[in-house]
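One structure is given here, and the rest of the page talks about it.
The values are calculated or read from the model by the stated rules, or taken from the named source; none is laboratory data. Treat the numbers as computed from the prediction; the structure is a model and nothing was measured. Glycine also receives a Cβ, built like all others from the backbone with ideal geometry; neighbour counts cover every protein chain displayed.
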């Protein structure tokens, strides 16, 4: 009976690690690291992976690296980001309207 339990636990951990590995690779994350992390335990590795990777990230307009949407500036280069006052999505300085919520960003040629 104990052998079957170990086989079942091994199968669950392997399946979790493979799913995390493939999902992390698809999302551009460090997939080898996440895949190894998925082998450690179940289900906390899966929960931590989902919480960490599902946070919205934005791209820095200065250096092009991704970081958390909650930051006011890029932690890599210190570049400031512009966000819509209505929906808080990343916007470009040349936009008159936010494409996400239609909020008017500045006076433009109407």
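When the range 23-41 is filtered for residues that are at pLDDT 90 or above and under 21 Å from residue 8 (Cα atoms), the ones remaining, listed by number, are 35, 36, 37, 38, 39, 40. Just checking, does the range 42-60 include any residue being surrounded by 11 or more Cβ atoms within 10 Å (Cβ to Cβ), touching a strand residue (DSSP E or B) at 6+ places or on another chain (Cβ under 8 Å), in contact (Cβ under 8 Å) with a residue 24 or more places away in the chain and assigned to a strand (DSSP E or B)? Looking through the range 42-60, at least one residue is surrounded by 11 or more Cβ atoms within 10 Å (Cβ to Cβ), touching a strand residue (DSSP E or B) at 6+ places or on another chain (Cβ under 8 Å), in contact (Cβ under 8 Å) with a residue 24 or more places away in the chain and assigned to a strand (DSSP E or B). Among the residues of the range 61-79, write down those that are at pLDDT below 75 and outside any loop (DSSP other than H, G, I, E, B). Answer for the range 61-79, where residues must be at pLDDT below 75 and outside any loop (DSSP other than H, G, I, E, B): just 68. Of all residues in the range 86-98, one or more are modelled with pLDDT of 85 or more, over 30 Å from residue 22 (Cα atoms), outside the structural domain of residue 18 (by TED's automatic domain parsing) and exposed (fewer than 13 other Cβ atoms within 10 Å of the Cβ). Of all residue pairs spaced 6 or more apart or on separate chains, those with beta-carbon atoms under 7 Å, a first member in the range 1-18 that is closer than 12 Å to residue 38 by Cα and a second member that is outside any helix (DSSP H, G or I) and modelled with pLDDT under 95 are 12/42; 13/39; 13/42; 16/42; 17/39.
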